[in-house]
Amino acid sequence: MAKEYLGINGLGRIGKLTLWHHLSRRHFSGFVVNTGREVGKTLDDIAQVLESDSTYGSLGGFLHGVAARGESSVKILDSAAALFEVDGCPVKILRQARNPKDVNWRKEGVRLVVETTGTFADPVAPGGDDKKGSLRGHLEAGAEKVINSAPFKIKDKSKKAGDDTTMLIYGINHTAFDPRKHHVISAASCTTTGLAHMMKPLLDTRETSGILTASMSTIHAATNTQSVLDSVPKGGAADLRKTRAAFNNIILSTTGAAQALESVLPAIKRIGFMADSVRVPTNTVSLINLNVTFHSPLNAKGEPVINQDLINGIYRACSEGQQKGLVLFSKRQNVSSDIMGTRAAVVIEGHETHTRTGFIELPAELLQRYEMTSQNGLRLPVTHAKIFGWYDNEYGSYTNCLGELTIYIDKAMG
């Protein structure tokens, strides 16, 4: 068991669920959580935030099952120090510093921090120069490593992330972590995590590695970046739709999943990958609609090799092999609530996998124009596949993978 506490900056959706995850794992001996501001009127209000959740229920039920739902798992040990005991683990709450450089992680014995606010995502911005704070401020405050629970966003496009930064997804490229080199780590996003686990098996299989192009739409649950009711956009806002009421609209949105995917799966760079998002009025669990076009080899009978059985077989095999526990293959007819809390990066909805093969016809005169010889022209087989993957964008998929990555990095730090 690690001796030092884990630092968590933020107590929002990912911050609280990160604490819940690690309470269940018992890898860290305790936690220091920075809220950066006062919470409620008394420490009892913080206790209520820690032990209850509208989506996943009570902390007691989360950790110990239905029988423990009504039991309080949070006790105040020291009011002056804001020290709690949460399910037997010490949890200290810091409420003074909003700027990461002012959070005294060194004093608290914290070497590793998980940044969950979503506010600090620029790995280039120096820690001390920005009055509002920056990701590197955690290092100035004494942390040795900081993991950001979002993709990097560099504001100054003339700059590039340094060699001490990296983007890692557990089960995809987490073993690339170098404790001597990497100090600022991005754990990508919930969508990129699920998408990477869908794409890797296809890239790793000979028959499906010849991807011509791919696109993705995520049917995504609402998040706190949206408005509950219609509101007035801020000055300079480019996306007016995020200020429309979240729970009675289907809202087109954007996602950086395609760009982030290139960082963890470099083979994607040769593919013309597109990604978009559609926000829907649910509180968690999202669905990736992955469309992939392959150059499809034919068997001896002239039939396409890439079909529903092949693709489903690929995912079934990886769910029992190298991505066991991270990729689940299902032939059930699921709905989103069936997936909530499922601790896997993605659940493949095998019942809905579809393929169709067509031919690109290249006439002889066109080939001759490009000095290619053929009297009868060419017929190139191309297969299009539609694959669906569920992911619990809050706890089950993302926070679980983030937690696995956090423990891996802590162990590698020694």
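The values are calculated or read from the model by the stated rules, or taken from the named source; none is laboratory data. What you are looking at is a predicted structure, and each value in this text was computed from that prediction instead of being measured. For neighbour counting, all protein chains shown are included, and Cβ atoms are generated from backbone atoms with ideal geometry for every residue, glycine included.
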Within segment 228-271, take every residue that is in a strand (DSSP E or B) and not hydroxyl-bearing (Ser, Thr, Tyr) and give me the one that is surrounded by the most Cβ atoms within 10 Å (Cβ to Cβ). ILE251
Test ILE185 against the stated conditions and say whether it is modelled with pLDDT of 95 or more, crowded, with 24+ Cβ neighbours inside 10 Å and not in a loop (DSSP other than H, G, I, E, B). yes
For segment 1-35, name all the residues that are of a type in the set (Gly, Ala, Ser) and at pLDDT below 95. ALA2
Within segment 53-73, the residues that are more than 15 Å from HIS22 (Cα to Cα) and of a type in the set (A, V, I, L, M) are VAL66, ALA67, ALA68
For segment 189-227, what are the residues that are surrounded by 21 or more Cβ atoms within 10 Å (Cβ to Cβ) and basic (Lys, Arg)? LYS200
In segment 382-414, what residues are in the same structural domain as ASN224 (by TED's automatic domain parsing), more than 17 Å from the chain's Cα centre (by Cα) and of a type in the set (Gly, Ala, Ser)? ALA385
So is VAL305 surrounded by 13 or more Cβ atoms within 10 Å (Cβ to Cβ), among the β-branched types (Val, Ile, Thr) and assigned by TED's automatic domain parsing to the domain that holds HIS220 or not? yes
Given (1) within 30 Å of ALA81 (Cβ to Cβ); (2) touching a Phe, Trp or Tyr at 6+ places or on another chain (Cβ under 9 Å); (3) modelled with pLDDT of 95 or more, LYS132 misses just (3)
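Aromatic (Phe, Trp, Tyr), part of a loop (DSSP other than H, G, I, E, B) and under 25 Å from GLY325 (Cβ atoms) - does that describe any residue in segment 158-181?
Yes; the residues of segment 158-181 include at least one that is aromatic (Phe, Trp, Tyr), part of a loop (DSSP other than H, G, I, E, B) and under 25 Å from GLY325 (Cβ atoms).
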Tell me the residue from GLY88, GLY142, GLY118 that is under 27 Å from GLN259 (Cβ atoms) and either more than 18 Å from the chain's Cα centre (by Cα) or not aliphatic (A, V, I, L, M) (or both), please. GLY118
Selection from segment 289-322 of residues without any contact (Cβ under 8 Å) to a residue 40 or more places away in the chain, more than 27 Å from GLU404 (Cβ to Cβ) and assigned to a helix (DSSP H, G or I) yields ASP309
Taking the condition of being among the charged types (D, E, K, R) and either in a strand (DSSP E or B) or in contact with an Asp or Glu (Cβ under 8 Å, 6 or more places away or on another chain) (or both), how many residues in segment 92-110 meet it? 3
Go through segment 229-264 and give me each residue that's more than 28 Å from LEU405 (Cα to Cα), at pLDDT below 95 and in contact with a helix residue (DSSP H, G or I) (Cβ under 6 Å, 6 or more places away or on another chain). PRO233
Exactly one of ASP102, ASP163 is closer than 28 Å to ALA267 by Cα and free of Cβ contacts under 8 Å to residues at least 60 places away in the same chain, and that one is ASP163
Can you name the number of the only condition in (1) in contact with a helix residue (DSSP H, G or I) (Cβ under 7 Å, 6 or more places away or on another chain); (2) farther than 22 Å from ILE407 by Cα that ALA141 fails? (2)
